[in-house]
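Visitor: Before anything else, here's the structure in question.
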Amino acid sequence: MPLWRLTLRLAAPLGTPLAGPTLFGQICVLRAEAEGSSAVTGWLSDPARVWRLSDGLPAGFLPRPLVRPRPVPREAFDRIKTVKKRNLVSRAAFLRLRDAWEEARLAEDETMAEPALPRRIAHNHVHRQGQGTQETGGLYFLDEDWRFADPATRDMDLYVETEEPLETVRDLLAALGTRGFGRDAGTGRGRWEIATACEDKELARGSGKRRMSLSRGALTPATMRDAFWKLVPHFGRLGPEHALTGVSPFKRPVLLTRPGATFRPEGAGPFGQILRDVHPARPEVVVNALHLAIPFAEAA
């Protein structure tokens, strides 16, 4: 299955993090509008056809693989301690070490912590009886990601694994960037352009016996053996086209593995699964918890 790499150039703040399951949900909305709900239902019924998506990653970086603990040389202890606090590794370093991965061989400048670029924006609660904003207890704050304002951080890589042509993937993601992604898209948040789009044969190839996931996904022990992972809660919401019908906008929270989880594949996949029954009133709503997993090998 081809692996596409798209670089999104952010043009506005992000009110919602670029999480793969959230991106996929909004792609489903776009497809339903263009092709009809029945087409999307048929698409989701076959996990082999469903996109595998990464999270949005700082351009040129990948998740740092979670691997089994190893003895650390005394002289490298401080450096390895610093590396383990960072959850991103440069793409070049991953490709250099992918056939014999060992964190002791990473330099500090080849790793990075997830950029913390929030701005706290003040909002007022609206008085529901038509009297403007509340005077007492009416102020609250929301954090937004403003990395778009710096040319050094505004580009984000997104990986998509699918049999669909690159043009289809690029057009759908470009349309989402024009419409706006996530919270407050109607007020200009979540906008981007597609800076580059190509097939990533270099990252897809590899002979390693283990896989690293670039996605937030479900753990399926039957196909993902000897796994190392960290969990992150995922709190999904319905889009306004569903929430405005009177049902609760909130999906049931789920626990997913963070990008960087590693495992030994059992069979050809798929790895992870489409999670169903995630909304009490909308049985057609799902969470895409499939893994986009690339091969690598740990050092002997």
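Since every read-out is calculated from the coordinates, none of them should be taken as a lab result. None of the values given here were measured: they were computed from a predicted structure. For neighbour counting, all protein chains shown are included, and Cβ atoms are generated from backbone atoms with ideal geometry for every residue, glycine included.
Visitor: Which value, in Å³ per residue, describes the convex hull spanned by the Cα atoms of region 3-120? List each step's numbers first, then the result.
Guide: Numbers: hull volume 18.9 nm³, N = 118.
Enclosed volume per residue, from the Cα hull, is 160 Å³.
Visitor: A follow-up question, please. Determine the calculated [θ] at 222 nm for the chain from helices alone, applying -39500 (n - 2.57) to every DSSP H run no shorter than 4 residues and normalising by the residue count; nearest 500 deg cm²/dmol.
Guide: -5500 deg cm²/dmol
Visitor: Using label points projected 7 Å from each Cα along Cα→Cβ, tell me how many nm separate LYS84 and ALA100, to one decimal.
Guide: Taking the simple label geometry, LYS84 and ALA100 are separated by 2.3 nm.
Visitor: Here's something else I'd like to know. For Cα pairs less than 8 Å apart in space and 6+ apart in sequence, what is the mean separation divided by the residue count of the chain, i.e. the relative contact order in percent?
Guide: About 29 percent, as a whole number.
Visitor: With each label point set 7 Å from Cα along the Cα-Cβ vector, what nm distance links LYS209 and ALA149?
Guide: It works out to 5.0 nm between the two label points.
Visitor: Stick to Cα atoms and the Kirkwood definition of Rh, then tell me Rg/Rh for region 155-300.
Guide: 1.00
Visitor: Taking springs between alpha-carbon atoms closer than 10 angstrom, which of PRO265, PRO65, PRO73 fluctuates most in the Gaussian network model of the chain?
Guide: Maximum fluctuation in the GNM of the chain, among the listed residues, is at PRO73.
Visitor: I've got another one for you. Counting other C-beta atoms within 10 Å, and keeping those with at most 13, which DSSP coil trypsin sites (Lys or Arg not before Pro) do you find in region 194-238?
Guide: For trypsin sites (Lys or Arg not before Pro) across region 194-238 that sit outside H, G, I, E and B with at most 13 neighbouring Cβ atoms in 10 Å, the list reads ARG205, LYS209, LYS230.
Visitor: Which entry in (1) 20.3, 69; (2) 17.4, 52; (3) 17.8, 57 is this structure's computed Rg and Dmax of the Cα atoms in Å?
Guide: Matching entry in (1) 20.3, 69; (2) 17.4, 52; (3) 17.8, 57: (1).
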